Each structure stands twice: as C-alpha cells, then as structure tokens.
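Report on the structure given below.
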Amino acid sequence: MILIVAIVISSLAFLLINRRRGSDFSYTITGAVNLTAWDATKGMPVTLEKGWEFYPNRILTPEMIHQSHEENATERYPYYRSVQITRDGWVSLGDTAELYSYGETDYKMDSYGVGTYRIELLLNQSVDFVTLNVPDISQSATIWINGKAVRHYGTVSEARNVYEPARVCADIQIEPTSEGRIEIVIDCANFSSPYGGILSSPCVASTSTIGTIEYSVRMYLTVLCAFWVFFLIGGSYISKTFVNRSKFYFFLLMFASDILYEIFSPSVTILSGSWNTLIQISLLILGNYWTFLFYFSLYPRGTSKFFDKLRFFEITFFSVTTALYLVTFWCFPSVLYLKSSTVANFVLLLVTNLYCVFRVFYMLRHFEHGKNLYSASVILNTCLHLSQLLRAQYFVYISLHAFLLLFLAIGFTLYFVMDYVKTYEKLADNNKNLESAVEEKTRYIKRVNQDLMDNHVKLVENEEARKKMMSNVSHDLRTPITAIRGYIELMLNAKEPLSREQEVQYLNNMHTRSIQMEQLISDLVQLTRMESENDTLQLMPISVKEMVGDLYQLYHSECEGTEKVITFEAPEDDDLIIEGDPKKLLRVFENIIVNAMKYTHDDGVINIICHRYADPAMLGGNAVEVLIRDNGVGIPSNEVPYVFDRFYRAENSGINKTGSGLGLSIVKSVMDKHGGKIWVESEEGHGSEFHIVFKASDISFDEEEEE
Ligand code: ADP
C-alpha cells in the first residue's frame with residue numbers, strides 16, 4: 001500500500017515538473033516552450049513576437065501571408081491575432097485579438113477545420129539547433145519553417161474540398177537565422193468535420209532536450225515490455241495455485257493493451273496515418289473492456305443475490321458496447337475524427353471506471369480480503385485512464401502514463417503475490433485441519449471398533465444366555481410334562497384302585513406342574529408382545545399404595561405358617577398416584593416380590609416400602625418409589641449389570657429355584673415404556689434391594705374418582 005501511494009505521488013510530481021505549460025522551469029532554452037502559452041512579461045531566452053496568428057478558411061503559403069501584409073497588397077486576408085490552440089483542435093481567440101476586417105463574411109470561419117496558423121519566435125541566445133515538436137494536427141497539413149515547406153502530410157485537392165487524411169506528428173530540426181528568428185507557418189485542412197486544425201500546441205526545445213525525453217519514453221516502454229514478459233512467466237507459475245485463473249489472463253490483456261497503446265503513440269510508432277489512430281482507439285476500448293473484466297474476476301460470487309443476478313447483464317452490456325464501438329470505428333474510420341467520438345470515448349471510460357470503483361467499494365463492504373489492494377488498484381487504474389484523457393502534451397503524458405503502468409503492474413504483482421501467499425497459508429491451514437480431522441476420525445473409528453467389540457462380546461454372551469435358556473426352557477417344560485406323564489401312568493397302571501387321598505394328591509401335583517408350564521409359556525408370550533411395537537399402554541391413574549398393598553396382603557397370607565416375614569410401609573395420607581397400565585404394573589410388582597420370596601431362605605425377611613422420591617435428579621424430583629428389599633442370596637457384583645438381560649440367571653440362583661431368566665427383562669421393558677427407572681443394589685449372601693421409580697401424576701386419585 002505504502003509503495004503504491006509513493007508511486008502515485010512520485011508520478012504526480014513527475015507530471016508537475018515536466019509540464020511545459022505554466023512552469024518557469026520549462027521556459028529555459030533547455031526545456032520545451034509551449035508556443036501557445038507565451039507570457040511576454042517574463043524575460044525569457046525565447047521571445048514570441050506576437051503569439052499565434054490564425055487565418056480562417058484559407059490554406060496560405062508564408063509568401064501569400066507576407067504579400068498580404070505589404071502596404072500595396074492586392075489581396076488581404078482577415079486573421080485573428082494571439083489565438084490559443086485548444087485541446088479540441090480549434091482555436092480560441094485571445095483577448096487582444098485584433099480584427100483586420102476586409103469583409104465581415106470572409107472573416108467568419110466556416111464549418112470546416114481549415115485554416116493557416118503562423119507564429120514568429122526570436123531566440124535571445126545563440127543556439128545552433130532547435131527542435132520543433134508538433135504533437136497532433138488533424139488532418140492534412142504543410143509545415144513551413146522560415147519560408148521553406150519542410151513537411152507535408154496528406155493531400156488537399158485543387159478545389160480544396162477533398163483531402164486525404166494523415167495523422168500529423170513530427171519533430172523538426174530548425175536552424176535559426178543569424179538573428180535568431182524563426183517563422184513557423186502551418187496550414188491544415190479537415191473537410192469532414194470542424195474538428196480540425198492543430199490539436200495540441202506545438203513546442204520548441206533544444207534538440208538535446210527533446211532527444212532525452214523521447215529516449216526516456218522509449219526506455220520506459222522497453223522496461224514495461226520486459227516487465228510484462230517477466231510477469232507473464234512468473235505470474236503463470238504463481239496463478240496455477242489460484243482457483244480461478246481468469247483474473248490473471250484479464251490482467252495480462254489489460255496491461256498488454258495499455259503498453260500497446262503507448263507503442264502506437266505517434267512519437268513512437270512506425271505506422272503512420274489513420275491506421276495509427278484506429279489501432280490506438282481500438283486498444284483503448286479493448287483495454288477498457290479488459291480492465292472491466294479484470295475487476296469483475298476479482299469479485300467473489302455469492303455475497304449478494306442481487307449482484308450475482310446482475311453479473312450476466314453487466315457482462316452482456318459491456319461486451320455489446322465494446323463490440324459496437326470497435327465495429328463502428330473499423331467500418332467508418334472518419335467517425336474517429338468527430339468531436340462527438342472523443343466525448344463518447346470519454347464517457348465510456350468514465351462510466352466503466354466509475355462503475356468499477358462503485359462495485360469494488362460495494363464488495364469491500366461484504367468482503368474483507370485484499371481491501372487495500374483493491375482500493376489501490378482502483379486509484380491507479382482510474383489515474384491511468386484519466387491520464388489517457390488528459391493528454392495535453394504527449395511528452396508529459398507518455399512518461400506519466402508509462403510510470404503509472406509500471407506501478408500498476410507492481411501493484412498487481414503485489415496483489416497476486418499476496419493472493420498466492422494467502423492461498424498457501426490457507427493450504428497449510430487446511431493441511432493442519434485435515435491432520436486433526438484424521439486424528440479425530442481415527443479416535444472415532446477406534447471407539448466404534450471398541451463398541452463393536454463390546455457388542456460382539458455381548459452378542460456372544462446373549463447367545464450363551466439364549467442357549468442356556470433354551471436348555472432351561474426345554475428342561476423346565478420337560479420336567480413338569482414328565483412329572484404329569486408319570487402321575488398319569490401311575491394312575492393308569494395302578495393294579496388296585498387308588499384311594500381318594502392319593503388321587504387328590506396326584507391331581508394336585510399335576511395341577512401345580514401345569515401351572516408352572518403355563519407360567520413359563522406366558523412369560524415367553526408376554527416378552528414377545530412387549531417387544532412388538534403394537535403393544536400400547538392403557539394408561540390411567542393408579543394408586544401405587546393400593547396396588548402394592550393388595551399384593552402385600554396376598555403374599556402376607558401366603559407366608560402365614562412359614563418362617564418368612566413380609567412387611568409393608570406406605571405414607572398414610574398419600575395414595576402415591578402415578579399414570580400407568582394397571583395390568584402391566586401389577587406384573588412388575590408381583591415379579592419383584594415373587595423373586596424376593598424365591599431368592600430368600602426359609603426365614604427370609606422382605607420389606608416393601610412405598611414413598612415419594614424427593615431427589616431432584618430423579619425424574620424432576622416429582623417421583624414415587626417402590627423399594628423391595630430382601631435378605632436373601634443376593635447377586636454377585638459382577639452379575640448385577642446383567643440381571644435385566646433376557647434369559648439371564650445369576651450363577652447363585654440355584655438349581656432348585658425354577659425360572660426362565662425372563663421375568664426381570666419383562667419388568668425392565670414395562671418400566672422403559674412407562675418412562676420409569678428400575679435398578680438393583682445387591683450384595684452376595686446379604687440380600688438385594690430393587691428400586692422402582694415412576695414419575696408422580698399431577699392428578700390426585702380422589703379427583704379422578706370424582707370425575
Ligand atoms: P428368574 O425366572 O430366574 O427368576 P428373573 O428375570 O426374574 O428370572 O431374574 C433374573 C435373575 O436375577 C435371577 O435368576 C436371579 O439370579 C436374580 N435375582 C432376581 N431377583 C433376585 C433377588 N431378589 N435376590 C437375588 N437374586 C435375584
């Protein structure tokens with residue numbers, strides 16, 4: 001950024017010290033003297049006798065002019081004195097313009113760019129050679145120095161109404177007369193438009209000055225071309241890493257067209273005439289178009305829907321305009337010399353540049369990247385185009401322009417290099433991210449692998465449990481059937497009729513066995529049904545106190561006459577209401593109580609406690625718990641996690657205790673469906689404690705009954 005600002009400032013400084021117009025520096029004999037901007041009040045090495053004279057509507061030789069000034073002249077031509085040559089090729093009349101009126105109508109200029117200019121200089125110092133620099137005359141001209149025609153461009157017909165155009169641009173060496181006097185006469189003709197005459201004021205300078213300036217201009221162009229080639233080679237390497245290379249190509253085109261424009265400048269080119277202008281104008285238009293495309297390729301897509309949509313229209317519009325321009329100029333070259341063409345070119349360049357500036361600033365609001373470079377590029381590019389338009393004196397212009405081009409190239413080199421560095425950094429970053437992502441994924445795969453291994457172990461265990469259960473089930477089914485068959489055979493084969501008591505005993509035994517079978521089958525059916533999705537809960541408010549209380553009554557009477565003790569505790573003033581399916585919950589409580597009875601010794605003690613569960617970590621603190629504690633065989637600690645698995649029976653469950661290992665898994669799935677919790681705390685040999693927790697219902701039992 002600093003570099004670019006420094007470059008712009010130094011270019012402007014260069015422009016200022018080289019301006020021939022209005023600068024004291026440039027009025028020395030070694031500098032160039034602009035023949036329009038003469039100030040007679042300043043003591044200078046060159047004196048301009050009277051400034052420019054202009055004879056409108058006539059192509060005159062110096063001789064004709066001299067004769068017309070003689071006293072006995074037969075023909076006098078009206079003319080203006082002290083005229084200024086302006087940028088648009090016409091003359092503006094100085095304040096002191098004197099009118100030699102030999103007929104009002106003659107004096108007025110007609111609509112054509114035809115006329116003769118004359119100026120007289122007096123050198124104050126003795127100088128061997130002076131160079132006259134004529135930057136631009138439109139269209140055909142003859143230049144006379146001290147009465148001698150030294151250059152002739154284009155042709156004017158006898159009738160002076162047809163001409164063959166040529167771009168006039170010349171450096172002419174002048175040998176002053178012994179008194180140091182120089183008379184310059186230039187006649188010009190442009191019959192196609194009034195946009196004619198001397199386009200830029202000629203200047204004189206010492207031969208060495210002009211040589212130096214032209215030499216430096218050519219040096220600049222050489223440096224620029226070398227730079228461009230260097231950029232082309234280096235840039236194409238660097239740009240390989242870009243996502244989109246088009247910006248690089250557009251930059252090359254833009255830069256190349258600007259350099260070519262310089263090369264086709266009249267002071268440098270080998271071509272002459274209209275071709276020159278035509279090619280230059282085409283390069284200007286193309287350079288403008290490529291500049292637009294270059295900026296366009298910088299804009300990131302997807303920042304704004306509106307601009308994304310606009311993109312297509314923008315490109316179409318600029319492409320069509322450019323094509324129209326080129327076609328017009330190449331098909332009708334005379335249009336080039338119209339004043340309106342200059343205005344149109346100016347407008348096109350201005351609009352494109354303003355548009356680019358506008359878009360860049362809009363994008364900067366949405367896009368951080370390359371802020372400084374964008375801005376610097378816009379400033380430089382605008383300067384570049386403006387310098388093309390502000391072409392007053394081409395010496396100054398071309399050096400400034402070359403400077404700007406050079407620095408524009410440096411600016412963009414920086415841009416591309418920074419872009420490259422950023423891309424590289426991004427790549428390095430991505431690499432790092434990738435590495436950590438791979439690490440993470442590896443960890444993840446390890447974890448998944450571990451899970452798979454665990455699942456595999458579980459599956460093997462389940463399979464084992466299933467096999468065990470299958471043998472249990474078949475054993476448990478066969479045992480009662482064998483027993484029943486035994487009793488039936490006993491009764492059938494009895495040689496003597498059985499006593500009534502015996503019969504009752506046999507039938508009772510058969511009855512018990514068939515109940516056992518039924519229980520097992522019902523367990524299997526229940527489990528299968530629980531696992532199927534279709535089994536929905538019939539929810540309704542349930543009083544846990546009442547349900548568990550009833551079960552307690554049942555098993556309490558069953559224990560009567562045995563040493564087993566069963567107790568029940570519940571709050572007096574709380575029914576402990578929950579939402580649940582009564583049939584299924586009955587099964588849960590019964591299962592746990594039956595297990596407690598089953599896995600305790602004959603003198604076992606079983607406590608059933610129902611209460612509210614206040615821990616906020618458990619179901620939001622609003623919960624009801626049924627705790628069933630026994631002092632039986634307990635569960636070995638390594639087996640506790642598995643007792644709720646299907647078919648799982650702890651090693652110490654005992655061969656005498658019949659069971660399928662299905663009861664707790666049914667209980668668990670009922671609890672899961674109710675959104676409740678069940679867990680067991682147990683110590684082998686000392687007993688177990690089953691906790692069954694439900695979310696308490698908000699409706700009280702009484703309210704429900706009233707409803
Ligand atoms: P089972 O039909 O074998 O009782 P369950 O699913 O009801 O099947 O119980 C699974 C296993 O949990 C039992 O085999 C037993 O080892 C253990 N178990 C369940 N309740 C208790 C308890 N109150 N005391 C000790 N062990 C128990």
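The values are calculated or read from the model by the stated rules, or taken from the named source; none is laboratory data. None of the values given here were measured: they were computed from a predicted structure. Every residue, glycine among them, receives a Cβ derived from its backbone with ideal geometry; neighbour counts consider all protein chains shown.
Out of the residues in segment 626-656 meeting the condition of being at pLDDT below 90 and more than 7 Å from the ligand (Cβ to nearest atom), tell me which one is nearest to Ala614 (Cα to Cα). Applying the filter and picking the extreme gives Asp645. Is it fair to say Glu503 is closer than 24 Å to Phe694 by Cα and either assigned to a helix (DSSP H, G or I) or assigned by TED's automatic domain parsing to the domain that holds Phe690 (or both)? When the stated conditions are applied, Glu503 does not pass them.
Mind checking which residues of segment 657-673 are within 8 Å of the ligand (Cβ to nearest atom) and not charged (D, E, K, R)?
Hits for segment 657-673 are Thr658, Gly659, Ser660, Gly661, Leu662, Gly663, Leu664, Ser665, Ile666, Val667.
Each residue in segment 601-625 was checked for being within 14 Å of the ligand (Cβ to nearest atom) and either crowded, with 21+ Cβ neighbours inside 10 Å or among the acidic types (Asp, Glu) (or both), and 3 pass.
Of the residues in segment 323-343, at least one is touching an Asp or Glu at 6+ places or on another chain (Cβ under 8 Å) and at pLDDT 75 or above.
The numbered conditions (1) surrounded by fewer than 18 Cβ atoms within 10 Å (Cβ to Cβ); (2) away from the ligand (no atom under 11 Å from the Cβ) are all true for Val594 except (2). For segment 564-588, taking the residues that are more than 60 Å from the chain's Cα centre (by Cα) and part of a strand (DSSP E or B), the one that is surrounded by the most Cβ atoms within 10 Å (Cβ to Cβ) is identified as Ile566. Residues considered: Met540, Met530. Of these, the only one that is farther than 20 Å from Leu477 by Cβ and in contact with a Ser or Thr (Cβ under 7 Å, 6 or more places away or on another chain) is Met530.
Inside segment 604-625, residues that are modelled with pLDDT under 90 and assigned to a loop (DSSP other than H, G, I, E, B) make up a count of 6. Note on segment 182-194: residues that are crowded, with 23+ Cβ neighbours inside 10 Å and modelled with pLDDT under 80 amount to 1. Among the residues of this structure, Ile578 counts as one that is more than 10 Å from the ligand (Cβ to nearest atom), touching a residue at least 60 places away in the same chain (Cβ under 8 Å) and of a type outside the set (D, E, K, R). Kindly indicate whether any position in segment 195-205 is at pLDDT 80 or above and in contact with a Phe, Trp or Tyr (Cβ under 8 Å, 6 or more places away or on another chain). Yes, that holds for at least one residue. Restricting Arg466, Arg529 to those that are within 60 Å of the chain's Cα centre (by Cα) and under 30 Å from Ser697 (Cβ atoms) reduces the list to Arg529.
Could you list all residues from segment 156-181 that are part of a strand (DSSP E or B) and modelled with pLDDT of 75 or more?
Once the filter is applied, which keeps residues that are part of a strand (DSSP E or B) and modelled with pLDDT of 75 or more, segment 156-181 yields Ile172, Gln173, Ile174, Arg181.
No other residue among Tyr325, Tyr362, Tyr299, Tyr355 is among the aromatic types (Phe, Trp, Tyr), over 23 Å from the mean Cα position of the chain (by Cα) and surrounded by 12 or more Cβ atoms within 10 Å (Cβ to Cβ) apart from Tyr325.
Here segment 674-691 is the region considered, the condition is being surrounded by 17 or more Cβ atoms within 10 Å (Cβ to Cβ) and over 60 Å from the mean Cα position of the chain (by Cα), and the residue that is nearest to the ligand (Cβ to nearest atom) is Ser688.
Screening the candidates Met491, Met510, Met517 for the property of being within 30 Å of Arg646 (Cα to Cα), surrounded by 11 or more Cβ atoms within 10 Å (Cβ to Cβ) and either touching a Phe, Trp or Tyr at 6+ places or on another chain (Cβ under 7 Å) or in the same structural domain as Glu651 (by TED's automatic domain parsing) (or both) yields one hit, Met510.
You will find that of Asp573, Asp523, the residue that is of a type outside the set (A, V, I, L, M, F, W, C) and under 21 Å from Leu627 (Cβ atoms) is Asp573 and no other.
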